[in-house]
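Remarks on the structure that follows.
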Amino acid sequence: MDKSKRKVVIAGNWKMNMTPAQTEAFIKELAPLVKGKDDSVTVLCVPFVDIATAVKAAEGTNIHIGAQNVHFAEKGAYTGEVSADMLKAVGAEYVIVGHSERRQYFGETNDTVNARLKAGLAAGFKMILCVGETLDEREKNITFETVSLQTKVALKDVSKEEMANVIIAYEPVWAIGTGKTATSEQAEEVCKAIRDVLAGIYDKATAEATTIQYGGSMNTKNAKELLSMKDIDGGLIGGASLKTADFSELVSDAQ
Ligand code: PGA
């Protein structure tokens with residue numbers, strides 16, 4: 001696949017699935033299946049309690065481990081939250097922020113996503129920033145406006161240099177976990193629009209260098225076509241990342 005300017009990243013988002021024991025078994029099974037498939041970067045974003053186990057199990061493999069969120073404060077009275085230092089200490093390398101489930105169910109706003117993104121970047125993580133419109137927003141014809149606003153606010157005060165550690169995941173909310181995938185044209189159109197927004201905030205070179213993933217019911221049937229699109233540089237994968245056979249096939253599709 002010719003995405004020569006950019007890193008193609010295939011990232012699993014396990015959401016609230018898997019115990020540490022299941023995590024260890026999964027990575028042991030996955031490692032030989034993705035061995036040598038290095039045209040793309042393979043990442044698993046696992047629940048907080050699985051990170052240490054995952055990091056250990058992935059040692060010596062080409063699998064990278066990430067978290068699914070990070071708090072913006074260094075420490076303090078934030079019951080239920082986890083800081084960047086804590087994630088560093090257990091060996092995470094990537095962090096997702098702004099996932100639509102966080103926005104929908106846990107009250108995250110563009111501003112909190114911006115704060116979390118900046119905290120993660122300051123700590124040296126590679127960040128996966130999720131943006132995407134709801135069905136209502138798509139039907140009202142405000143997809144580009146929505147995604148552009150999410151992108152701009154999330155990246156407020158993020159420098160051009162820091163963009164080297166930012167991946168953007170375009171995830172239409174109506175396609176997440178629903179089995180309804182955006183068509184490759186729909187996905188490409190928005191990923192391209194996000195790249196134009198980046199060119200506006202930063203410059204063309206930064207926009208061209210940024211990895212933009214598609215996410216939302218990406219699976220072994222549709223991945224090849226989605227990944228062949230010019231502005232789609234990988235996937236953020238929920239359901240299909242929970243089975244080693246499916247996930248490794250997606251990694252193969254990205255070679
Ligand atoms: P899905 O989830 O692949 O199960 O639709 C994607 C995501 O939410 O990141």
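Please state the relative contact order of the range 123-255 as a whole percent: Cα pairs under 8 Å, 6+ residues apart?
On the way: 206 pairs, mean separation 31.5, N = 133.
Taking the mean separation of contacting Cα pairs over the length of the range 123-255, I get 24 percent.
If you filter the range 88-161 for GluC sites (Glu not before Pro), then keep DSSP loop positions with at most 12 other Cβ within 10 Å, what is left? It would help to have the intermediate numbers written out before the result.
Values: sites: Glu93, Glu101, Glu108, Glu133, Glu137, Glu139, Glu145, Glu161; in loops: Glu93, Glu108, Glu133, Glu161.
The qualifying sites are Glu161.
In the chain, which helices (entire DSSP H runs) extend 15 Å or more along their own long axis, judged by Cα positions, while averaging at least 0.0 on the Kyte-Doolittle scale? Kindly include the intermediate steps, with their values, before the conclusion.
Numbers: long enough: 20-34 (21 Å, 0.41); 110-122 (18 Å, -0.22); 143-154 (16 Å, 0.25); 184-201 (25 Å, 0.11).
Within the chain the helices that satisfy the rule are 20-34, 143-154, 184-201.
Could you list, bin by bin from short to long, the percent of Cα-Cα pairs of the chain in 5 Å steps?
1, 7, 15, 19, 21, 18, 12, 6, 1, 0
Calculate the FRET efficiency for Lys5 and Gln104 from the Cβ-Cβ distance with a Förster distance of 41 Å, rounded to the nearest 0.05. Could you put the intermediate results ahead of the total?
Details: r = 33 Å, r/R0 = 0.81.
About 0.75, to the nearest 0.05.
According to the Cα gyration tensor, what semi-axes, each the square root of 5 times an eigenvalue, does the equivalent ellipsoid of the range 163-239 have, listed from largest to smallest in whole Å? Walk me through the numbers on the way to the answer.
Details: eigenvalues 100, 25, 23 Å².
Semi-axis lengths for the range 163-239 are 22, 11, 11 Å.
For the range 3-253, report the accessible area per residue in Å² (1.4 Å probe, heavy atoms, rounded to an integer).
Working: 11150 Å² over 251 residues.
Value returned for the range 3-253: 44 Å² of accessible area per residue.
Which Cα, out of Ala89, Ser159, Gly12, lies furthest along the positive dipole direction of the chain (beta carbon charges, K/R +1, D/E -1)?
Ala89
Once you've got the Cα coordinates, tell me which of Lys88/Lys160; Lys88/Lys221; Lys56/Lys180; Lys140/Lys243; Lys15/Lys221; Lys37/Lys152 are over 31 Å apart.
Working: Lys88/Lys160 23 Å; Lys88/Lys221 36 Å; Lys56/Lys180 35 Å; Lys140/Lys243 36 Å; Lys15/Lys221 22 Å; Lys37/Lys152 34 Å.
Among Lys88/Lys160; Lys88/Lys221; Lys56/Lys180; Lys140/Lys243; Lys15/Lys221; Lys37/Lys152, the Cα-Cα distance tops 31 Å for Lys88/Lys221; Lys56/Lys180; Lys140/Lys243; Lys37/Lys152.
Loop-only check: which GluC sites (Glu not before Pro) in the range 1-72 are DSSP coil with at most 16 other Cβ within 10 angstrom? Numbers along the way, then the final one.
Numbers: sites: Glu24, Glu29, Glu59; in loops: Glu59.
Counting only loop positions with at most 16 other Cβ atoms within 10 Å, the GluC sites (Glu not before Pro) in the range 1-72 are Glu59.
Give me the number: length gained by fully extending Lys140 to Glu162, i.e. 0.36 nm times residue separation minus the C-alpha to C-alpha distance, one decimal in nm.
4.6 nm
Under 10 Å from the Cβ of Phe26, count the other residues' Cβ atoms, weight Lys and Arg +1, Asp and Glu -1, and hand me the total. Spell out each step's value before the answer.
Working: positive: Lys28, Lys243; negative: Glu24, Glu29, Asp50.
Taking every other residue near Phe26 into account, the sum is -1.
Translational diffusion coefficient, Stokes-Einstein: compute it for the range 106-202 using the Kirkwood radius over C-alpha pairs as Rh, at 25 °C and 0.890 mPa s, and state it as an integer in µm² s⁻¹. It would help to have the intermediate numbers written out before the result.
On the way: Rh = 13.9 Å.
Here the translational diffusion coefficient equals 176 µm²/s.
Per the 1.4 Å probe, what fraction of the accessible area of the range 3-253, in percent, lies on carbon and sulfur atoms?
Working: 6030 of 11150 Å².
It is 54 percent, rounded to a whole number.
What does the charge add up to near Arg138, with Lys and Arg as +1, Asp and Glu as -1, over the other residues with Cβ less than 12 Å from its Cβ?
Numbers: positive: Lys140, Lys180; negative: Glu133, Asp136, Glu137, Glu139, Glu145, Glu189.
Local charge sum for Arg138: -4.
Just flag the chymotrypsin sites (Phe, Trp or Tyr not before Pro) in the range 51-125 sitting in loop per DSSP whose Cβ has no more than 13 other Cβ atoms within 10 Å. All intermediate terms of the calculation are to be shown ahead of the outcome.
On the way: sites: Phe72, Tyr78, Tyr94, Tyr105, Phe106, Phe125; in loops: Phe72, Tyr78, Phe106, Phe125.
Filter output for the range 51-125: Tyr78, Phe106.
First select every other residue whose beta carbon is under 13 angstrom from the beta carbon of Ala92; then total the charges, Lys and Arg +1, Asp and Glu -1.
Local charge sum for Ala92: 0.
So, R0 is 30 Å and r is the distance between the beta-carbons of Glu59 and Ala122; what FRET efficiency does that work out to, to 0.05? The partial results should precede the final answer.
Working: r = 26 Å, r/R0 = 0.87.
E between Glu59 and Ala122, to the nearest 0.05, is 0.70.
Looking at the chain as a GNM with Cα springs under 10 Å, which of Asp136, Asp50, Asp111 has the largest mean-square fluctuation?
Top of the fluctuation ranking is Asp136.
Give me the number: length gained by fully extending Ala77 to Lys35, i.e. 0.36 nm times residue separation minus the C-alpha to C-alpha distance, one decimal in nm. Write down the numbers at each step before the final one.
On the way: separation 42, 0.36 × 42 = 15.12 nm, distance 4.22 nm.
Stretched fully, the Ala77-Lys35 segment lengthens by 10.9 nm.
The values are calculated or read from the model by the stated rules, or taken from the named source; none is laboratory data. Treat the numbers as computed from the prediction; the structure is a model and nothing was measured. Don't worry about glycine lacking a Cβ; one is built from the backbone with ideal geometry, like all the others, and counts go over all protein chains shown. SASA here: full protein model, heavy atoms, side chains in, ligands and nucleic acids out. Shrake-Rupley method; radii C 1.70, N 1.55, O 1.52, S 1.80 Å.
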